[in-house]
Structures are given as structure tokens and as C-alpha cells.
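As C-alpha cells, the structure follows; a few thoughts come after it.
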2 protein chains.
Amino acid sequence: MSDQTITAAYYRGDKKFSVELRTAPEPGADEVTIRIAYCGICGTDMHVYHGNMDARVGFDRVIGHEMSGTVEAIGANVGTVRPGQKVVVRPLDPCGECPACKAGHEHICHKLKFLGLDTDGAMQELWTVPAHTLHVLPDDLRMDHAALIEPVAVACHDVRLSGLQPGEDVVVIGGGPIGVLVAMVARDAGGNVLISEVNPNRLAIAEALGFDTVNPVESDLQAVVEARTGGKGADVVFEVSGTQPGVDAMTAAAATRARIVMVAIHAQKPNIDLFQFFWRELKLIGARVYEPEDYEKAIALIAEGGIDADTVITDVSPLAEIQTAFEALDRSPIAMKSLIKVGENA
Amino acid sequence: MSDQTITAAYYRGDKKFSVELRTAPEPGADEVTIRIAYCGICGTDMHVYHGNMDARVGFDRVIGHEMSGTVEAIGANVGTVRPGQKVVVRPLDPCGECPACKAGHEHICHKLKFLGLDTDGAMQELWTVPAHTLHVLPDDLRMDHAALIEPVAVACHDVRLSGLQPGEDVVVIGGGPIGVLVAMVARDAGGNVLISEVNPNRLAIAEALGFDTVNPVESDLQAVVEARTGGKGADVVFEVSGTQPGVDAMTAAAATRARIVMVAIHAQKPNIDLFQFFWRELKLIGARVYEPEDYEKAIALIAEGGIDADTVITDVSPLAEIQTAFEALDRSPIAMKSLIKVGENA
């Protein structure tokens, strides 16, 4: 496969991608080259598109990490996969030496390299990555569905860290793509899930997926939760909104000894009702990306149909149209997950 | 013992106590009457003294709950204790029917009665309480030391909920009476404890007790913690200060996946660095009062000398001088724990 010419989409700054030909890198001894089938557009990719991450990614970067593909070639030391296998990449490359890595928390390494941001990513026909990042897929898994594994693994991590038990009452604050996936995983784990969301389009999607919903602008969320739970409150709350009202709601909706999972990225420092943490012995649990077991859980969930993948995937565009795909997603009030079909034969 | 006349100290409002004679109540069928030896002055009692809790306690209330004593008489149904036994009271009377009680969290019952605030307390020679609140003490435990069991049980609850493991790095933010007790219990559990405190008098006491200390006004707490821990940060942080700088420090000093225990009562809603909770997968754990096992642990710790009781007890006054004892504690820059000697023969 030496000197193969492939198509790749480069982020060039100022909301622009250019689709160009490049020479595919051959895998190093501990690397694997993957022929990409699909690559989803992540919220982080939209941040790149908007120029918010220019200092980190630069203007010569192939982004993309929510991918599916097939092993094309393996390095000399690689014994874990073989060409032809369907795979996904867990796009985390930890340093192995920082305090977090030494404590066994490599997924939140202090010097973490995130593939597709800090290195080139999957919006290209062939992608070469460290072999340790691969998870092998069942042969019969649909490759478009498999492109959801990465965001579903985020949701699996959130739900796992919550310690959710079957029959517990769950509130998901924020019904965007991640919130809906968290809700699906929590429902699969046996939770009684309520989604709180202010956007009518997102509410309609959540209801179409079979979820109970509340619009906290129109109804008193705390009163709704108390009515659903006999005055108890929610056992588990996922804060996915990233807003001050969401932070206010997370303590108001929580039962005594509830676990609140912080999924959202709060760039500001919101006001938080710490008295309620004391008074009701609440627990706040920060959750970021995923660990290998979350990937395995996500693969199993998608393989078993625990995620309604066809409803979550709202658009598919070829790599040549990546520019219009980003523009459309940026404008769309109803898109959940947009995929880029990278490979010709995907 | 019917119609016994005893001495009791009543809170009468406006920073005033009156020491009066009253008729001691006989125990009901499920109650026990205790001859009080000592009763410590809690921070909550100081709030009563300052008039902050008048709506709750009124002006005809005997307060006090950090007590030690001896069983004087038992009700008809009581089989758990016998007259003459040394005891302490866990001053919590839950409803048994609310969602918290039903979930097994009676200590933070939604309708909790706190003995000595919502009912008369231990600043009187004989105190009658529900039998279920009693813990029996070893015969040879000093009764002045035993008056520390209640606040030490608070610290035991905080440390237990933190999941502290031997060898872990601990920061206690706030070196007042509760902070120092938390530090002592954490040290006994094998933690490497640093106390952060701004008051020079309290710093001196903490140092006299053998703790490493830092004054965060003079030194950069985060830098000090990183230097002590090889850049890792603290595995467990106790926020006992109740201040915005304390809340800022608790996230800054925390290691990846650290547990932060919220001991302080934050009446305001401080700003909190939720991004760090996400980024480093921090955990915030609210902790309030104690459960039975925390009392048993506190009794064992004091019996074994794990708490330097003689240093913590800085004043002892007779019940007749309760007024001057509260006034002195209110002015004192160095007092840790003031006890009232209630019984003549204590």
C-alpha cells in the first residue's frame, strides 16, 4: 500500500474545509492503518469549524474521530487485529507517566493527545493510529451505526459512573445529541428517564424516541419530578445543558443522596446550591470521555439494538460535501447526528 | 424519681440564658432519662445564642446536644440500657416515613427532629430522650472526653464518606473545631493531612497538634499541595471553611478523580469550577451529621486516644456559669471546645 493517494478533508480556518489528495502514511511498527467507512460530526468538530480551537488544531488538520472502518494494514508489532476486520478507534493517546496515568486514569491523562484534534483524524480515506486504540467490531455490524459507538461510549461512561440501578428515577437535563444518548443508555440500564429540554424541536425528537419530557420554561421541573417520584426526587441526574438554569435544576430535582453526573462543559463558573449538597448528602460526579469497558458496552448496545441508531442518524453526506454538511448542521434545528460517508464502498 | 427538681439552663433570646429550677420529666415507655455529666457548646449553639435560630428554638428552650451522662431511669419498654451505664445520645429523631427514611437515610430525614434544638436538650441535670438515640460507653471512658463524641462522630462521617485510604493525601480547608477534628480522624485513618487556615491562632493550634499547615493568604495553596504530592494534588479534600475562597481552593488542590467532601454549610450559592469536575473527573460528596456506625467509631477513637481530647477541650465551666461561658467563647480567638459541667459529680 506504499504511496497510496487518498482523499482527505483539511480544516483551513474560517469555517472552511478543503478536500484534497494526500499520500497515505504507512503504519509504524505499533500502528494500524484503517480504511474509514463513516465519520460522524461531533460537537467538538463544530467548535473547530467555528474557529474556537484554532490555537490547538491549526489550519492544516484533518479532524474527525467518531468513525467506523476496516483494518487495511498493520505494523510489524501488531498482533491484536488483522486486515479486513471491522474496527473503531478509541481516540485517546495517554502519556503513561503523569499522576493520572500512574493512578490508572489514562483516559484523563494530564497530557492526553486526542486523535483527530491533536493529531490528524478520520475525515480521510485511510487513517493511521496507535494499535492500542482499536476495538474490533462484530462482522455483521452496520458501519453507519458503528460510527455512533464513540458518542454512545461517552453516554455509557456517564451512566456507569452514576451507578444507576434498575428502577431508579433519572432526569437528563439537556436533550441534545449527547443528552438523548445518555437517556437511551440510562433507559437500557433500567432507569425511568425524564428529559428536560427547552428547544421544541429537540423535545419532539425525544418524544418520538419514546421519552417522557418536560419543558422547564413552561413547567416547574422540580414539581414534575416530585409528582413522578412520590415526592422523592430523581435518584440520578445528568447535567448535559451547560447552563446556569441547568445547574439550578440539578440540585432542585435531586432526591436525598442522589448522584448528579456532570457531563456538560461549563466554561464559566456557575453558582451552585452547595447547601443542598450538604443538606441532602448529594454527590456530584465529573465524567469525561470513556474507558475501554465503555467502548465494549457501546459496541454491545449498538449490536443489540439498544440504541435507535436510525433515528439518531439524521443525515449522511459524502466526504466531497463535508463543507455543506457542516454548514447544514450548523443551521439545523433538528439534526441529531450527521455522518460523513468517507469510503466509496462504505 | 418522680417530681425531682433539677437545674436547667433556658435560652431566653437576646444572647441570654437563665438557669432555673424545673421538674424533671419521667421517661415514657420508650424513653430513657440521663443524668448529664458534660455538655459541649456546638457552633449551632452559638448560632442560637446569636439569635439566628429564634424562629426554630423559641425562648423557652433548653439547648445542648454534645453531651455525656449516666442512665438514671428507663421506660417500661426499654431493654437496651440499664441504670448506671455511661451513655451518649445521637440526637436525631427521624420520622420513619419520608422518602429519605424509606431509603435508609434516617439521619437526613426530611422531617428530622434534632434533639436540643427542636426539643429540649442536655444543658440540664436530667435529660429524657428516645431510647433509640443512645450509645453505651466503656465504663472507664472519661466523661469530659465523652462529650466530644458527637462532634468527633461528625468528623468520622465526613472521613467515612470520603472513602479515604491509608497513604492518601488530604487537605482540610478550614482549621476551626470541626476542621481540626476532621484532620485528626483523617490522620488516624492513615491520611497525610495538610490544614489550610487563615487565622494565625488556629494555625498555631493545628501545628501544636502536629499538623502540617498552610496559610493560603500568604502561600499559594495549590503550589504547596502540588509540591507535597509530586504534582498529583490531594486525593481527598474537606471543605470546612464555608467561604468562596475555600470553594475555589477545593478544586484547585484536587488530584484527578479526587473526592471533595462538603462539610461546610454554604448559605450563599458560591461560584464553583464545574469545568474541573468534568476535566479531572472530580467527585463532590455532601456529608451531614452521622449514622450509628460513625458514633461507634467516634467512641472507639476517643477510648483509644486517637483524638487528643485534652488539647481540644480548652475550657470547662459549671452550668451556673453558662452565660459567661457563651460570652467568653464568643470573644475567644483560640478556644476550640468549651464544655459545660452540668452534673455536680461529673
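Figures for the structure shown
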{"quantity": "Total residues in region B:230-257, condition part of a helix (DSSP H, G or I), in contact (Cβ under 8 Å) with a residue 40 or more places away in the chain and within 13 Å of another protein chain (Cβ to nearest Cβ)", "calculated": "2"}
{"quantity": "Residue check, A:A300 among the small types (G, A, S), open to solvent by 30 Å² or more (accessible area, probe 1.4 Å) and farther than 30 Å from A:M67 by Cβ", "calculated": "no"}
{"quantity": "Selection status of B:A320, in a strand (DSSP E or B), among the hydrophobic types (A, V, I, L, M, F, W, C) and over 21 Å from the mean Cα position of the chain (by Cα)", "calculated": "no"}
{"quantity": "Residue within region B:328-344 that is more than 17 Å from B:L181 (Cα to Cα), open to solvent by less than 10 Å² (accessible area, probe 1.4 Å) and not polar (S, T, N, Q) present", "calculated": "yes"}
{"quantity": "Verdict on A:D158 being assigned to a helix (DSSP H, G or I) and not hydroxyl-bearing (S, T, Y)", "calculated": "yes"}
{"quantity": "Verdict on A:P177 being at pLDDT below 95, out of contact with any His (no Cβ under 7 Å at 6 or more places or on another chain) and closer than 25 Å to A:T133 by Cβ", "calculated": "yes"}
{"quantity": "Residue that is nearest to A:G167 (Cα to Cα) [pool: residues in region A:258-267 that are open to solvent by 20 Å² or more (accessible area, probe 1.4 Å) and facing chain B (nearest Cβ under 7 Å)]", "calculated": "A:I265"}
{"quantity": "Qualifying residue in region A:4-23 (condition: farther than 12 Å from A:L126 by Cβ and touching a Pro at 6+ places or on another chain (Cβ under 7 Å))", "calculated": "no"}
{"quantity": "Criterion violated by A:E281 - all others in (1) crowded, with 18+ Cβ neighbours inside 10 Å; (2) assigned by TED's automatic domain parsing to the domain that holds A:A122; (3) not hydrophobic (A, V, I, L, M, F, W, C) satisfied", "calculated": "(2)"}
{"quantity": "Some residue of region A:206-218 being within 14 Å of another protein chain (Cβ to nearest Cβ), open to solvent by 50 Å² or more (accessible area, probe 1.4 Å) and not charged (D, E, K, R)", "calculated": "no"}
{"quantity": "Test: A:Y49 is assigned by TED's automatic domain parsing to the domain that holds A:S317, open to solvent by less than 20 Å² (accessible area, probe 1.4 Å), over 18 Å from A:E150 (Cα atoms) and without any contact (Cβ under 8 Å) to a residue 60 or more places away in the chain", "calculated": "no"}
{"quantity": "Set A:A186, A:A227: member being surrounded by fewer than 18 Cβ atoms within 10 Å (Cβ to Cβ), in a helix (DSSP H, G or I) and at pLDDT 95 or above", "calculated": "A:A227"}
{"quantity": "Boolean, B:E207 is assigned to a loop (DSSP other than H, G, I, E, B) and of a type in the set (D, E, K, R)", "calculated": "no"}
{"quantity": "Condition check for B:A55: open to solvent by less than 10 Å² (accessible area, probe 1.4 Å), over 26 Å from B:L137 (Cβ atoms) and assigned by TED's automatic domain parsing to the domain that holds B:L134", "calculated": "no"}
{"quantity": "Hits in region B:116-140 (condition: buried (at least 19 other Cβ atoms within 10 Å of the Cβ), hydrophobic (A, V, I, L, M, F, W, C) and either part of a strand (DSSP E or B) or on the phi > 0 side of the Ramachandran plot (or both))", "calculated": "B:L126, B:W127, B:V129, B:L134"}
{"quantity": "Selection from region A:268-289 of residues that are facing chain B (nearest Cβ under 7 Å) and either in a loop (DSSP other than H, G, I, E, B) or modelled with pLDDT under 95 (or both)", "calculated": "A:K269, A:P270, A:I272, A:D273, A:R280, A:E281, A:L282, A:A287, A:R288"}
{"quantity": "B:I195 vs. criteria assigned to a strand (DSSP E or B) and either under 21 Å from B:T243 (Cα atoms) or modelled with pLDDT under 95 (or both)", "calculated": "yes"}
{"quantity": "Yes/no for A:E296 being touching a residue at least 40 places away in the same chain (Cβ under 8 Å) and of a type in the set (D, E)", "calculated": "yes"}
{"quantity": "Selection from region B:72-104 of residues that are aliphatic (A, V, I, L, M) and surrounded by fewer than 17 Cβ atoms within 10 Å (Cβ to Cβ)", "calculated": "B:A76, B:A103"}
{"quantity": "Single match in A:H157, A:H107 (criterion: within 14 Å of chain B (Cβ to nearest Cβ), closer than 15 Å to A:E291 by Cβ and surrounded by 22 or more Cβ atoms within 10 Å (Cβ to Cβ))", "calculated": "A:H157"}
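The values are calculated or read from the model by the stated rules, or taken from the named source; none is laboratory data. It should be emphasised that the depicted structure is a prediction, and the values quoted were computed from it without experimental measurement. With ideal geometry, Cβ positions are generated from the backbone for all residues, glycine too; neighbour counts draw on all protein chains shown. Side chains included, ligands, DNA and RNA excluded: accessible areas come from the protein's heavy atoms. Shrake-Rupley method; radii C 1.70, N 1.55, O 1.52, S 1.80 Å.
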